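Q: My questions all concern the structure below.
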Amino acid sequence: MRPSGRRPRKIKIIMTIADNPYQTIAKPPLTRRRSIAALLAPLDQIAIQSPNLVANYEARFEAGNETYELPRYLFVGPKGGDTPIRIGIFAGIHGDEPEGTHALVQFIKLLEAKPELAAGYYLSLYPVCNPTGFEDGTRFSRSGKDLNREFWKNSDQPEVRLLQAELISRSFQGIVSLHTDDTSSGFYGFAHGATLTKHLIEPALQAVGKLLPRDERPVIDGFHARNGIIRDSYDGILSAPPKVRPRPFEIILETPVAPPEYQKQAAFVAALQTILTEYRKFIAYAPNL
Ligand SMILES: [Zn+2]
């Protein structure tokens with residue numbers, strides 16, 4: 001854990017996007033940086049006292065002449081009886097998609113208030129996977145790379161290498177990534193990996209359906225889609241190590257950009273909650289899988 005108060009960032013921003021929930025994502029790049037420190041301060045505060053939440057800032061990397069940290073949180077749910085279920089939740093790999101980042105912060109606060117939602121789980125949470133992109137409000141990292149096309153290709157991007165190390169060492173049973181699609185007017189998702197993934201994503205999209213419309217188009221983002229679910233994928237996206245068997249479930253959730261911030265956050269939070277509930281049921285019925 002990092003000594004409290006130690007922040008490598010030098011620029012202080014008084015107002016962040018979190019102060020103005022109706023602000024949409026900024027394009028072209030922000031002229032002033034978003035503050036990761038301000039974003040995460042509430043979580044770090046919680047982690048000091050919480051019996052469940054641990055903040056871990058040991059994963060550092062260099063960008064330009066600055067040192068950055070890949071923010072990592074662990075949330076250890078109350079005992080579910082068996083071996084804890086290891087799930088990784090990732091947001092903000094595209095720096096201009098703050099919806100997922102803010103939603104994950106909200107989700108962690110919700111877990112702190114209601115730890116039983118994470119009963120039986122050991123959750124690894126990565127709210128800002130692309131710190132320089134988040135600061136700058138750009139899809140790419142400051143080195144000019146789309147980090148979500150760099151996985152498992154011997155990438156020299158330090159963020160990708162750190163995230164790959166997490167994906168290897170944690171051997172997740174499930175991986176969830178949060179994204180925003182500014183070309184869609186509905187919520188949808190990608191389902192990869194384990195066969196059971198479809199039994200998790202469908203209830204998640206149903207839960208979201210109470211808050212946001214589903215993208216029902218037959219082709220989304222160039223991919224064949226059915227009921228808002230895509231089975232295909234881009235090369236090089238954040239995923240389990242290629243040779244890992246059995247494959248974990250892998251879900252990518254995509255929110256449309258237009259709805260109000262609170263609605264997008266609530267949609268992501270509802271989806272995440274549903275995935276945990278449904279997977280816990282699955283594990284209970286199939287303990288040997
Ligand atoms: Zn994205």
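Read the figures in this text as sums done on the coordinates, not as results from a lab. Values in this document were obtained by computation on a predicted structure and should not be read as measured data. We place every Cβ from the backbone using ideal geometry, glycine too, and count neighbours over all the protein chains shown.
Q: Give the average over all directions of the projected area of the C-alpha convex hull of segment 226-289, one decimal, in nm².
A: The orientation-averaged projected area of the Cα hull of segment 226-289 comes to 6.1 nm².
Q: Which of A267, P256, G120 sits farthest toward the positive end of the charge dipole of the chain, with +1 on the Cβ of Lys and Arg and -1 on the Cβ of Asp and Glu?
A: Result: G120.
Q: Lys and Arg at +1, Asp and Glu at -1: add these up for the other residues within a Cβ distance under 12 Å of Y126 and post the number.
A: Numbers: positive: R72, R170; negative: E69, E159, E166.
Net charge around Y126: -1.
Q: OK, next. For segment 173-289, what is the charge dipole size about the Cα centre, in debye to the nearest 20, if Lys and Arg each add +1 at the Cβ and Asp and Glu each add -1 at the Cβ?
A: Working: 12 positive and 12 negative charges, 111 e Å.
For this selection, approximately 540 debye.
Q: While we're on this one: Quick one: of the DSSP bridges fully inside the chain, what percent are antiparallel, nearest 5?
A: Of the beta bridges lying entirely in the chain, close to 50 percent run antiparallel.
Q: Once R0 is set to 25 Å, what does the formula 1/(1 + (r/R0)^6) return for the Cβ-Cβ distance between D182 and R217, expressed as a FRET efficiency to the nearest 0.05? Display every interim value, and only then the final one.
A: On the way: r = 15 Å, r/R0 = 0.60.
Efficiency for this residue pair is about 0.95.
Q: If I take all pairs of Cα atoms in segment 71-202, what percentage of them are more than 23 Å from each other?
A: 37 percent
Q: A further question on this structure: Could I get the Rg over Rh figure for the chain? Both from C-alpha atoms, Rh via Kirkwood, rounded to two places.
A: Answer for the chain: 0.93.
Q: Over 31 Å between C-alpha atoms is what I'm after, so list which of K114/K198; K210/K281; K114/K243 land there. If you can, show how the numbers build up before the last one.
A: On the way: K114/K198 27 Å; K210/K281 22 Å; K114/K243 36 Å.
Flagged as over cut-off: K114/K243.
Q: On to the next question. Enter the mean projected area of the convex hull around the alpha-carbon atoms of segment 162-261, in nm², rounded to one decimal.
A: 6.8 nm²
Q: Expressed in whole Å with the largest first, what are the equivalent ellipsoid semi-axes of segment 46-127 derived from the C-alpha gyration tensor as the square root of 5 times each eigenvalue?
A: 25, 14, 12
Q: What's the whole-number percent of alpha carbon pairs in segment 82-156 lying beyond 21 angstrom? Each step should come with its number before you reach the end.
A: Numbers: 1037 of 2775 pairs.
Across segment 82-156, Cα pairs with separations above 21 Å total 37 percent.
Q: Find the percent of Cα-Cα distances in segment 215-263 that exceed 14 Å, and round it to a whole number.
A: Tail of the P(r) past 14 Å holds 64 percent of the pairs.
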